[in-house]
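Encoded as structure tokens, the structure appears first; notes follow it.
The values are calculated or read from the model by the stated rules, or taken from the named source; none is laboratory data. Since we're looking at a predicted model, the values are computed, not measured. Note that we place each Cβ from the backbone using ideal geometry, even for glycine, and neighbour counts take in every protein chain shown.
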């Protein structure tokens, strides 16, 4: 395994405020970054997110807001950064495509590929979808409309620059087949391979005339053109962490054979990441690390429909956090649907998880344990070695605790599709075993019968379970983990209010 971990989210397009989909990717990435920091160390993990700030949709949104494009993106970027702070997102860097470091790298990439002959000029005539900022051939249209978004297209004829995607198609197919973890989950890998088998790639139009669209990075060899937003955006993954030397060789501490690279994305931008991006890297002679993965997760739906402003069904992450709490929101998104699949979002489903997993299971275990320590030991945790326990459910619980890290570790890698649900299920298996242990042992009877050693062992085992659980949930529910650790202390508890007081579903929906 590589000894460094570099994880990225897509850079979010800032033509509108952030929604649940944005927060889902960032929470998943944050949880993995925190997990790998526990595993590798703080200095061996780099977590990048950021904002995609060029293109026609930004120009249009800025015009409607009566702001310059720069003023507009500055305003929306603050909303994204504010949300990430509120969701406890622990990113190491936030890259903006309007920053000098990014612009310089994009122009260097264009220069290298142009000098190599992989970028050429040609006249283009075809159908253009402004919302998708994509050109389509006549055969690709569906009922005369954009095949991706279904909206109207306009016929455009202009001179542009093209990147030779087609030249590298055979290389890409072989690379994907030789590296089964490069595209995950398996369904997405099959989708890309099927597309490449059935279609000859068209060369990618990577410019727009500045007279039609002025808001973009100028081409260094043609100031009359700006860079196509998707070509510009993908380069962020290298512009944020490294640079090119005078000879065009790229270097970065976060790119190489000793680095595990993970690009987390939504399934709607799979083609750009699984086709354009590896070909761009290969054309630049930047080696793709052996442990490099593009993982495309599913969407959160409302009553089986994709969220959209036009449908009026967009849910605000801030509203959900204000209503249910940060860690409840994080837990629900990671637990309720297998990562990679679509899921239906509803407040009723959050309340069900809250009252069941969080209040009844975890919250109850912590509160009842601390209450017993107060009652029987005046808040002092019994000093006793649980390794002397060799029988019954207690022994099984000790074994579960020992096995938990090794059981969960592999589930958070590409080969197991970053299975957050299974990891959390394993943690809750330990919590539920401890709760059953309380019901079966009946500690109040141990106290009545003066079985002092048995009671000490019982209480101390519960404390160790809770400590193990706190450590295990830290990547997913950092605030809850911290609260548990504070309440437990080292030898003297500081009991607070219940972590998750039950929600009255009727009142909540009133």
| said: Which numbered condition in (1) over 29 Å from residue 85 (Cα atoms); (2) surrounded by fewer than 19 Cβ atoms within 10 Å (Cβ to Cβ) is the only one that residue 434 fails? | reply: (2)
| field | Condition check for residue 212: outside any strand (DSSP E or B) and out of contact with any helix residue (DSSP H, G or I) (no Cβ under 7 Å at 6 or more places or on another chain) | value | yes
| From the list 195, 162, 221, which residue is assigned by TED's automatic domain parsing to the domain that holds residue 136, touching a residue at least 12 places away in the same chain (Cβ under 8 Å) and within 20 Å of residue 285 (Cα to Cα)? | 162
| message | Given the options 58, 95, name the one that is crowded, with 20+ Cβ neighbours inside 10 Å, out of contact with any strand residue (DSSP E or B) (no Cβ under 6 Å at 6 or more places or on another chain) and outside the structural domain of residue 472 (by TED's automatic domain parsing). | response | 58
| said: With the requirement that a residue be in a strand (DSSP E or B) and within 30 Å of residue 285 (Cα to Cα), what does region 114-152 give you? | reply: 119, 120, 121, 122, 123, 124, 134, 135, 136
| task | Determine whether region 437-452 contains at least one residue that is part of a helix (DSSP H, G or I), at pLDDT below 95, touching a helix residue (DSSP H, G or I) at 6+ places or on another chain (Cβ under 7 Å) and over 26 Å from residue 489 (Cβ atoms). | result | yes
| query | For region 404-419, does any single residue satisfy the condition of being part of a helix (DSSP H, G or I), outside the structural domain of residue 37 (by TED's automatic domain parsing) and farther than 27 Å from residue 180 by Cβ? | reply | yes
| task | Tell me which of these residue 66 doesn't satisfy, since it passes every other one: (1) touching a residue at least 40 places away in the same chain (Cβ under 8 Å); (2) in a loop (DSSP other than H, G, I, E, B); (3) over 30 Å from residue 419 (Cα atoms). | result | (1)
| said: Condition (residue is within 28 Å of the chain's Cα centre (by Cα) and assigned by TED's automatic domain parsing to the domain that holds residue 108) applied to region 203-211: is it met by at least one residue? | reply: yes
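Results for (1) part of a helix (DSSP H, G or I); (2) within 22 Å of residue 503 (Cβ to Cβ); (3) touching a residue at least 40 places away in the same chain (Cβ under 8 Å); (4) touching a helix residue (DSSP H, G or I) at 6+ places or on another chain (Cβ under 9 Å), shown as yes or no for each residue.
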{"residue": "319", "(1), (2), (3), (4)": "yes, yes, no, no"}
{"residue": "332", "(1), (2), (3), (4)": "yes, yes, no, yes"}
{"residue": "337", "(1), (2), (3), (4)": "no, yes, yes, yes"}
{"residue": "348", "(1), (2), (3), (4)": "yes, yes, yes, yes"}
{"residue": "359", "(1), (2), (3), (4)": "yes, yes, yes, no"}
{"residue": "366", "(1), (2), (3), (4)": "yes, yes, yes, yes"}
{"residue": "369", "(1), (2), (3), (4)": "yes, no, yes, yes"}
{"residue": "374", "(1), (2), (3), (4)": "yes, no, yes, no"}
| task | Take region 470-486 and flag every residue that is buried (at least 17 other Cβ atoms within 10 Å of the Cβ), assigned to a helix (DSSP H, G or I) and touching a helix residue (DSSP H, G or I) at 6+ places or on another chain (Cβ under 6 Å). | result | 470, 472, 473, 480, 481, 484
| task | Considering each residue of region 223-246, count those that are under 14 Å from residue 111 (Cβ atoms), surrounded by fewer than 22 Cβ atoms within 10 Å (Cβ to Cβ) and touching a helix residue (DSSP H, G or I) at 6+ places or on another chain (Cβ under 9 Å), and give that number. | result | 2
